[in-house]
Amino acid sequence: MTALPVEHRPRPQRVAGRRLQAVKVSQQRTLPVVAPDTRRAPFIALVLLLIGAGLIALLVLNTAIAADSFVERSLNSQIEQLALQEQHLRQEVNAAQAPAALARAAAEQGMIPNSTPGFLVVNPDGTTQVIGAAKPAARPAPPVGNR
């Protein structure tokens, strides 16, 4: 056994089955100075350019999507308001088409109900037939005011 630490012990080398003498490794190792490889510089610049362009494109797309999201939210709120307005207008039309509302509107225009109406029936050949005897309605007497 030796008293030297493991990293300072000389290591024997073998070549084709023979044992060579142990070579002493110096404690100071120096790395050779390597000149930069100028052939790779354009490739590295191209890769960095592509990565940068990709990041900028992602940023632009993300911004456009966010802007479209705001527009979509605004349009959805407008759709909801218009749907409520449409519902309100449909309720008004249905109320105006009710029989009581039609009778009131007719009375306001001076129309009076007829108790004996006549009906026209259109036959399949295009001719018409009158059913019932239509008589003009009698105008009721105006109300007498109590003075």
Practice problem: Hey, could you get me the Stokes-Einstein D for region 60-130, Kirkwood radius over alpha-carbon pairs, 20 °C and 1.002 mPa s, rounded to whole µm² s⁻¹? | Solution: 120
Quiz prompt | FRET efficiency, 1/(1 + (r/R0)^6) with R0 22 Å, evaluated for T116 and E92 via beta carbons | solution = 0.05
Quiz prompt | Gained length - A138 relative to Q85, 0.36 nm times residue gap less alpha-carbon distance | solution = 14.8 nm
Quiz item: Looking at the square roots a ≥ b ≥ c of the eigenvalues of the Cα gyration tensor of region 29-94, which shape do they give, rounded for a/c under 1.5, prolate if a/b is larger than b/c, or oblate?
Solution: prolate
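Computed from the coordinates by the stated procedures, all read-outs in this text should not be read as laboratory data. Everything numeric here is computed off the predicted structure, so don't read it as measured data. No Cβ is skipped: glycine too gets one built from the backbone with ideal geometry, and neighbour counts run over all protein chains shown.
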